[in-house]
Each structure stands twice: as structure tokens, then as C-alpha cells.
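J.: Shown below is the structure under consideration.
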Amino acid sequence: MFNSVRIRLTLWYAGVLALSLIAFALLVYYAAANVFYERQDESLRSTAETVASAYIQELEEEESIAKANEVVLAEMVFPNRYVEVTDAAGRVVAWSGNLAGHVLTIPQQTVNDARTRSVSFTVVNQLRVAVVPLSAKKDLGYAAVAEPVSVIDEALRRLRRYFFAGVPLILLLASVGGYVLARKSLSPISLMDQQTRRIKADSLSSRLDVTNKRDELGGLATTINDLLVRLENSFKQQQRFVADASHELRTPLAVLRGETEVALAQPRSIDEYKASLDLIKDEAEQLSRIVEDLFILARQPFDAPAIMRERVSLDQVVGECARAAQVLAARKDLKLTVNANKPLSLIGDDELLQRMILNLLDNAVKYTPAGGEVSLDLAAHNGDARITVRDTGIGIPEKDQPHIFDRFYRVDKARSRAMGGAGLGLSIAHWIAEAHGGKISVESQTGKGSVFMVELPIAP
């Protein structure tokens, strides 16, 4: 039961509300009790002063204490209240009829307090008593008015009964309402849970319903939908990568198997075996290059954490790549020019940077006809290091330029395969540039050559 968020929210809500109601009820109860007692004392004082005023008036008119006692106590009758008159020493000299046989004995301290403060209060025989002097000028005696304490106690008992009945009822109604509100508030989460459970690997295109994008639940649904978009794209890329990789590996493996079967089918001469082994060697090298490229691409999802971070002299890396590319250019009778005299350094992985530059140079050599030119330049540009690989080759059609950095993408598939390309070199170069915080771009025209530019941040 406590595994339900609705139940836990309702219990928390009910607990907090119960504590709040109990604290409020106690505060109201004690505040009401103080008010009731203060009003009782004020009412008793007012009655006692009325009795004293009437007593003095009768005394002045009749000039007889006995007559004043008789008249005042006979005429001034108060329901549920008792009146008595004492002399200056505090001895009772007269009392109301409802006090017959139960005359109040007022403590001497209360009498003294009434003499000094004009009024005093005490409790005698469960009666609240207010005592005031008969006259402020003459020490004639005191008027005392009493009322049962039970009057206030009964009012407080009624208030307690109201609280004992009302607090649980309010708590019950609020808990039911809180449960309904919690259920209604959490219903979108239940709906999202049901919809998410129905999403499988073959239905990643499904999306959660978003009722209100501006509230928290709408924001959560939008975030989950964005996550599903990224998962769908990643899953599609993975499927495409596996399919393309399988396709690329299939050809050299088929050649290896076919050539091996042909060579073993019947006895052959040494020259024929040598030709078969040369072909197998070439295909094995092609297969090795593809596997190595796939291994590098497998590091792409990890981005920066997958590469080394150390200071690299970029001019030295470019120089080493130029010496390696000189051999490739000489085989095709190409002119390779290098301009990398400015010392520049950055923080990165020298092996990956070398791989990136060699991939660009290898592409330039492959697609430049004999007698053409390839150039490699390194220069500072707008605070970055710019590596430029320029060739006078066949160029890249404009419609293919946005896709040349995609995995396994080749402009001329038949020609690229014949040249030993798998469509991974530029994709690797693009990832290496981004992993170092840089970017790579291309400018090309069909039949006029291509220019690849890599911009990398220079180390401070």
C-alpha cells in the first residue's frame, strides 16, 4: 500500500493537516478560555460597581445602613449571580436571597486588594467573586458579586466538543479530497507509464501525449519525447552502421573466400599461386583498414573522454604526415607542396590528429589524376590553427557535399571501391576534428578539385 505515491502523498497531507488543525484548535481553545474569563471578570466588576453605586445612593437618601441593605438587596436581583455587602472589616452585613445559608467568606487579602486597587477577584466555593469598595471616598464597606465558575467551564466543554467532532470530520474530508486531487494530479504520470511500457525497439517513433507543456508533467513528457527522438536516431544510426559495416566487410571476405577456393580447386603453378596470394594480401589489407576504421568510429559516442589530452606540436605532426604522403604522391606522379613552417601547438591526441591529416591527404591523392597537385598548409587564422588540404582532382558534386562526412558515404561507389575506399576516412576526420573542439569544412567544384579546411583551437 505504501508503495503508491498517491497513498504516501495523502498520508503526508493528512499528517500535516492534522498537526496544523490540532495546533490551531489548541490556540483557539486557550485564546477563547482567556477571553471568557476576562469577560466574566469584567461583567462581575460591572455588576459589583452597579451594586455599590445603588447602595451609596440609597444610603444618602435613607441615611440608614440597614435600610440601604434591605432596599438594594431586595431590588437588585441577578440571575445566576450572588450579591453580598460587607462592612469595612470585611464582615458580611447583608446578602441576596439566593445566598441564604451560603454566605461567602471573602479572604482578607482580597478585601485589602480591593481597597488599594478598586477591585479584586477571587474564587470561593467554586464561585468567581468580584469585590469593589462601596465608596471611593469613605471606608464604608464592600460590594461582592459572585458567579459559578461552571458557567465558563460549560462554555469551554461545548467548545471542546465542537473541536473533537469538527477536527476529525475536517481531516477526513480533507484526506478524501487530497486523495482525489493526488490521483487526478498523478493520472498523467500513470498514462505516461502505460505509454512508455508500450514503446519497444520497433516502435521508437511513438511519442507520449503532452497535455500542457508549461507545467512540470508536461515538461517531463517533453523531455521523455526528446529522449525518444535521440534514442530513435541513435538506434537508426546503429542499424545503418551495422548494415553498412556488414556490407563493406562482405566484399573483401567474399573475395578472400572465392580466391582461396579457386586456388585450392586444382593444382596450379607457382606464378598462379603467387598471383592468388597477392590478391588475398590486398583484400586482407583492405579488410584490416576497414576494421581499424570501424574501431576508431566505435570511440565516437564517447567524444572527448576517449582521446588523449596532451600538448601536441601541430607543425611537427603536419610535417610527419607530409613525409608519409610524399610516398603516395610519388606513386601517382603528383606534386605535393607543404607549407608548415609556423610553430603551433594544441592540447589533444597526436595519433588521432595524424590519422585525420593522413585521411585527408590519402583522399586527395586517390582522387587526383596523375600529373596533378596536392598541397598541405598550416597557418594561424583568427586565433585558431587552420590545416588546408588542396588538390586538383575530380572534385565533389554540390549535391553530395553535405553528406561526405557521413559514415560509408561515397560519391562514386564503384570507383571508390576500386580505389580501396570504404567511405569511412572523412567520417573519421570529421569526428577527430570535433573531438578536439574544432571543425572541418569542404569547398569543391566538379573537375576543378577540392579544398578541405580543418580549424583547431590553439593551446594557450
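J.: Counting each DSSP H run of 4 or more residues in the chain as -39500 (n - 2.57), what helix-only mean residue ellipticity at 222 nm follows after dividing by all residues, to the nearest 500 deg cm²/dmol?
T.: Numbers: 10 runs with 257 residues, N = 460.
Mean residue ellipticity at 222 nm (helix-derived): -20000 deg cm²/dmol.
J.: Enter the angle in degrees (range 0 to 90, nearest 10) between the Cα long axis of helix 270-297 and the first principal axis of the Cα atoms of the chain, meaning the one along which they spread out most.
T.: Helix 270-297 sits at roughly 20 degrees to that axis.
J.: Now a separate question. Just one of [x] 320; [y] 175; [z] 142 is volume of the Cα convex hull per residue in Å³ calculated from these coordinates, so which is it?
T.: Recomputing volume of the Cα convex hull per residue in Å³ here picks out [x].
J.: Let me ask something else. Find the accessible area per residue for the chain; the probe is 1.4 Å, ligands and nucleic acids are left out, and the unit is Å².
T.: In whole numbers, the chain has 59 Å² accessible per residue.
J.: Whenever you get a sec, compute what percent of the accessible area on the chain sits on carbon and sulfur atoms (1.4 Å probe).
T.: Roughly 56 percent, rounded to a whole number.
J.: Please give every one of the aspartates and glutamates within straight-line cross-link reach of residue 448, meaning a C-alpha to C-alpha distance under 20 Å, and leave out same-chain neighbours fewer than 8 residues apart.
T.: Reachable aspartates and glutamates: 333, 362, 373, 377, 391, 398, 400, 412.
J.: Sticking with this one: Using a Förster distance of 51 angstrom, determine the FRET efficiency expected from the C-beta separation of residue 335 and residue 253, and round it to 0.05.
T.: 0.85
J.: Still on this structure, I have one more. To the nearest 10 degrees, how steeply does helix 65-75 sit against the main Cα axis of the chain, on a 0 to 90 scale?
T.: The helix 65-75 is inclined about 50 degrees to the chain.
J.: Would you kindly state the longest site-free stretch of the chain, with sites defined as GluC sites (Glu not before Pro) in a DSSP loop (not H, G, I, E, B) surrounded by at most 13 other Cβ atoms within 10 Å?
T.: Of all site-free stretches, the longest is 64-397.
J.: Which trypsin sites (Lys or Arg not before Pro) in the stretch 86-130 sit in a loop by DSSP (not H, G, I, E or B) and have at most 15 other Cβ atoms within 10 Å of their own Cβ?
T.: Taking the stretch 86-130 and a limit of 15 other Cβ atoms within 10 Å, the loop trypsin sites (Lys or Arg not before Pro) found are 91.
J.: Do any trypsin sites (Lys or Arg not before Pro) in the stretch 309-343 lie in a loop, going by DSSP, with at most 12 other beta-carbon atoms within 10 Å of their beta carbon, and if so which?
T.: Counting only loop positions with at most 12 other Cβ atoms within 10 Å, the trypsin sites (Lys or Arg not before Pro) in the stretch 309-343 are 309.
J.: Taking loop as defined by DSSP and a crowding limit of 12 other beta carbons within 10 Å, which trypsin sites (Lys or Arg not before Pro) in the stretch 156-220 fit?
T.: Within the stretch 156-220, the qualifying trypsin sites (Lys or Arg not before Pro) (loop, at most 12 other Cβ atoms within 10 Å) are 198, 200, 213, 214.
J.: To the nearest 10 degrees, how steeply does helix 150-197 sit against the main Cα axis of the chain, on a 0 to 90 scale?
T.: The helix 150-197 is inclined about 10 degrees to the chain.
J.: Protein chains only, probe 1.4 Å: how do 453, 356, 308 rank by accessible area, largest first?
T.: So the residues, ranked largest to smallest area, are 308, 453, 356.
J.: Quote the accessible area belonging to residue 47 in square angstrom, nearest 10, computed with a 1.4 Å probe and with ligands, DNA and RNA left uncounted.
T.: In the full protein context, residue 47 sits at about 20 Å².
The values are calculated or read from the model by the stated rules, or taken from the named source; none is laboratory data. In this text, all values refer to a predicted model and were calculated from it rather than measured experimentally. Quick reminder, even Gly has a Cβ in these numbers, built from the backbone with ideal geometry, and neighbours come from all protein chains shown. SASA here: full protein model, heavy atoms, side chains in, ligands and nucleic acids out. Shrake-Rupley method; radii C 1.70, N 1.55, O 1.52, S 1.80 Å.
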